[in-house]
């Protein structure tokens, strides 16, 4: 880290900064320019608390030299990590498609969708039993009953199940039914939840927060990794921008950038990433072209009756087309579909 | 709500939309323009599920006519709500200043700060025992020990205590020590937490999410209100923008706008709202000038040693000046300080 | 357009609104709900001034039913528009790649790059003679000398030239040398410039503003179209977000969304859209996969010596790889490369 | 500036970076850490081209130590600059209120408003003759006729006139009528215009771009200052955020931050900064409380008939109240009103 002193910093202020650095077990390296004095901090391997220095008198600002994440960093872990669930590997040569409804609405509908997903080539099943909704008056999910339905759908189709976890104390219950715990965008910085999920013996699909930077996403992954769970998949699901014609703006840069910054697999959610059914397929093509390891797509047999997100859910015929497109793209970038 | 049909919507699609509206117990009112057909929905008093319609074939978009919050709305509750804690009323004629460190760091420091806060005129004490931190390697708070220290500080100074709650299952524990539960910005849409807090018999300080709109803040308040807890104070604490010279951008418009939209009291956090010590006082003046009911300010006797947020914490001498400024402003807008 | 009256609007206020609508030659259609009265405006074919109504007493807000752009709209012009420059058609079956340096720096360097571009399969040449720079101390371009060099590069290679226009009065000069006028992101709402360019007999490449919505981009295109110039290509070049690891965030959703909203061709700039050399190729693949009609790419033979944007410019070997990738992608989506 | 080399940078890459720095007439100061090598650049007084280095092989990123603006910086010009126009000083002890319609609509209306402004205590007159409008179909201003009307209004009231300039070649014409050239938010980075205005002998009111950072605003001011015009006033007019209930979000932090970073006077536009009539007065109070040197407010005698921005224009009675509020606030912060 580098400390930039204010133009008028006094010698005493500089001495104090150096003393603070040394008391933290680091070395200070002073460099005097024409207009500013800089202090380089040579660390001791442990993360340094930037704020401690930044608030000292005479300090203008600090600038990090190293990235704040370690376990998630490709620099410290150059080889790709892959996550295998029920025989399906995310982060390997195959582009893995996960599909299903936004929410589990009923046993009948869920099983119907699960069979369609299976028949059309999806490799995992998604569906929410606990739904974080912006209105207290909207459908909040079926809870444990939804988990039971998901488990039945897995039994009938053989597809592993991805479902959202919204509360630390539900981890034991949800892991007893599901194969992958999804941490939703609104919970990406719910640190109590990240902690609980980090203690679980279950793969995690960590969705990027709606306004989060790459660094924040990777710090959230670092939370999970640092608590012992190394089976983390990252999911780009669109960020919030000023655009009003779409619900979110899928950040396509994130795909190759994440592949560069981290060894963790990268999944893309084109359904939330666009919020519009007609954009799901072209944006899925783009995601695979850019190097995504998987897609998580909303599929519904009767979207007009869906209790949430119907407008961005594909119908089976549309999903079939998407699978064909994705397949062509996967081949064009040298992967399997 | 108004439904706008696509330019080429078929009569069957229109019929389906009308049928759906009627099956939800509402009336449909069709209006045919030159280029578009509109359908007005005349409700039955219950909130209408917008997505259900939006996903139907032939529908271009829907537009809400009414705001989605009711209990938080001034329209349905014209008089100001005030929240009284330990004899201190927020939302009345007084501008209430809450002060204290970002985090409870030690018994000695907390008590020292608490006495300063009391002596300099603060009316409530703030301090975090559970800290949501972006890095798993940063100080995470003292937990229950911190709560005990806060309770001791209250005993010694008589100041009610505001502290953050980060997990639903901690509600019984935290309410056994604290006077006000603070829901932090990162948890504004942690619906499991809002639910738990809504069931508690304890006033809540609900901070606006870093990227949240007024409507989302009010919907979060609606969650708490709809679960039975009516003692909710809203807190504007700055939003995230492209600016790099400040940590957040305090949204001053939010103060009069919230006073217009809702009956709940409005508190401003100039410390997080700016992230820079030298901006705290001018922005506090602005907040009071704009009509804030209270301020929540970071105060530290030794900010250079603070474990978090030291750079935005006021020292006692600076806090004294702030109190004088706030007092002059309160008088100038016809309030007490 | 729909007018929503305030909850407490008086009959006189409603009467005034109706009178205003009728005085503008439109019809008002009143609809009284339980909680709000709405007034639908049935237009006379001319765009209606929303603000006029919105500011009237008793009006809560207005909601547009129709999109504000007409000439740019696919609804009013269902067939694709293509723009042909020097025998090269953008918006047809070919994916057209434009390449060249950010700025024309010297005759020697520009000609060297132009020949590389030509040899490696680019179909148009880009290069700035007038550079909008955020610092008055940065290189501002060679001006007319740069235009002369570009004309010479075209003569030698046969590639049509795209160059930026930054000032209305330069239109005659720039069109005397260049084949396509580029309106840069910072000038997307420089209406005096859009007016001037709209009067020119020269194709235009209109770049999306860094924080512009789709609607604003299409309204900027509408300016040009409404002044008589129909040869407009739109260019997605990344938007500004909170991300700090990239310079901009390429909005991939924009590609299929623009193809849906407008008949104009859509070009993508992966160089500015990412700002990082290593992301240019994967994001170019994504752009073509999503349906882009062309790419505009920064190419430099000696990026280490470039006077601007060197860090995002491809070297010839990297550009060759990009051309191969683009070609595979074009074929995979059924186009020519 | 500091250069951070990549983890795996080679000795040759480091040598090249040093050679580049020295060839630019600067000194390189190498510092080897455990994980990264840093190179400090000790400058020669001239601004250094950051991109040149950033694009070199082996370079991870560069970090500026000094701010990129000099003439606008308080560090290099510690005393406040004030701008005096027709006897009125902005940046001195008085809080100066400028008022008038968004656009000059007719001679009669403009004169009526000008007399109201004068009578109610405004010290300058605002009004646009050239209007940048997002739609080509909206009212674009009266042009020179508008300027003539403004000059007549000044003659009758004695109030100096502020009006917008949207095109470089109009500078001579507009300065022949107006007292202050306003550069609008959409033109803050129209560098050709900044250049022209920088050459003019006329005070400038430079509005912050809708998505601009403080640094970008100050770099735009630097353009004007560096071309010789030192009479620059900065204007905070709200930034664009995700909020939908207001048109813009006034950035109150900007006021004390600008006073800290620059010596130039700071004016606030609460009309555009909120876009809602009912918020103008509370936000004006906040602006003065935070230290603004002036306000520019939209005033209209018949806002229901205004051709633009009527919804945010104050009526005379509302403006009178605003003047009283502003006066109380000015006194409370030790200024004159």
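For the range C:123-214, the calculated P(r) over all alpha carbon pairs, in 10 Å bins from 0 to the bin holding the longest distance, is 17, 49, 30, 4 percent. Axis-proximal residue of chain A for the rotation onto chain D, reported as residue and distance in whole Å: A:63, 2, based on Cβ position.
Dimensions of the range B:79-146 along the principal axes, based on C-alpha atoms and rounded to the nearest Å, stand at 45, 28, 18, largest first. In chain B, Rg over Rh equals 1.07, where Rg is the alpha-carbon radius of gyration and Rh the Kirkwood radius from pairwise Cα distances. Considering helices alone, the calculated mean residue ellipticity of chain A at 222 nm is -10500 deg cm²/dmol, with DSSP H runs of length four and up weighted by -39500 (n - 2.57) and normalised per residue. Measuring between their Cα centroids, the range C:184-258 and the range B:21-86 lie 35 Å from each other. Look at the alpha carbon pairs under 8 Å that are at least 6 residues apart: their mean separation over the length of chain B gives a relative contact order of 16 percent. On the principal axes of its alpha carbon atoms, the range B:63-176 extends 53, 37, 23 Å, with the longest extent given first. Here residue D:169 and residue A:336 are evaluated by their C-beta separation; at R0 = 60 Å the FRET efficiency comes out at 0.50. As I understand it, the value is the acute angle between the Cα axis of helix A:144-157 and the longest principal axis of the Cα atoms of chain A; what does it come to in degrees, rounded to 10? Taking the Cα atoms of chain A, the angle to A:144-157 is about 70 degrees. What FRET efficiency, computed as 1/(1 + (r/R0)^6) with R0 = 45 Å and r the Cβ-Cβ distance, is obtained for residue A:230 and residue B:80, rounded to the nearest 0.05? About 0.30, to the nearest 0.05. Projected over all directions and averaged, the alpha-carbon convex hull of the range B:1-128 occupies 13.2 nm². Normalising the average separation of contacting C-alpha pairs (under 8 angstrom, six or more residues apart) by the number of residues puts the relative contact order of the range C:190-299 at 23 percent. Across the protein assembly as shown, Cα-Cα pairs more than 50 Å apart make up 28 percent of the total.
Helix D:107-119 and the longest principal axis of the Cα set of chain D meet at an angle near 80°.
For D:126, D:315, the sequence from fewest to most other C-beta atoms within 10 Å is D:315, D:126.
Rounded to the nearest 10 degrees, what's the angle between the helix A:214-226 long axis and the longest principal axis of chain A, both from Cα atoms, 0 to 90? Here the helix axis deviates by roughly 80 degrees. Site pair residue B:119 and residue B:12 shows an inter-label distance of 8.1 nm when each label is modelled 7 Å from Cα along Cα→Cβ. Spin-label pair residue B:57-residue D:36: with each label point 7 Å from Cα along the Cα-Cβ axis, the two points sit 5.6 nm from one another. Shortest first, residue D:278 label-point distances to identical copies amount to 3.7, 3.8, 5.3 nm, with the label point at 7 Å from Cα along Cα→Cβ. With coordinates expressed along the principal axes, the C-alpha atoms belonging to the range A:197-337 extend over 42, 36, 32 Å, beginning with the largest.
Exposure proxy ranking for B:94, C:293, A:57, based on other Cβ atoms within 10 angstrom of each Cβ and starting from the fewest, stands as A:57, B:94, C:293. Our summary gives the range B:122-234 a relative contact order of 20 percent, counting only alpha carbon pairs under 8 angstrom and 6 or more residues apart. Between identical copies, the spacing of residue B:260 label points, each set 7 Å from Cα toward the C-beta atom, reads 3.0, 3.3, 4.4 nm from nearest to farthest.
If R0 is 30 Å, the Cβ-Cβ spacing of residue C:156 and residue B:244 corresponds to a FRET efficiency of close to 0.10. As a proxy for reagent exposure, A:119, D:251 were ordered by neighbouring Cβ count within 10 angstrom, fewest first; the result is A:119, D:251.
Normalised by residue number, the volume inside the convex hull of the Cα atoms of the range A:155-257 is 120 Å³ per residue. The eigenvalues of the Cα gyration tensor, multiplied by 5 and square-rooted, give the range D:243-322 an equivalent ellipsoid with semi-axes of 24, 13, 10 Å from largest to smallest. Using a 7 Å projection from Cα along Cα-to-Cβ, the label point at residue B:144 is separated from the same position in the remaining copies by 2.6, 8.3, 8.3 nm, smallest value first.
We did not get these values from a lab; they are worked out from the coordinates using the rules stated. All values derive from a computational prediction rather than experimental measurement. Heads up, the Cβs are rebuilt from the backbone with ideal geometry, glycines too, and the neighbour counts pull from every protein chain shown.
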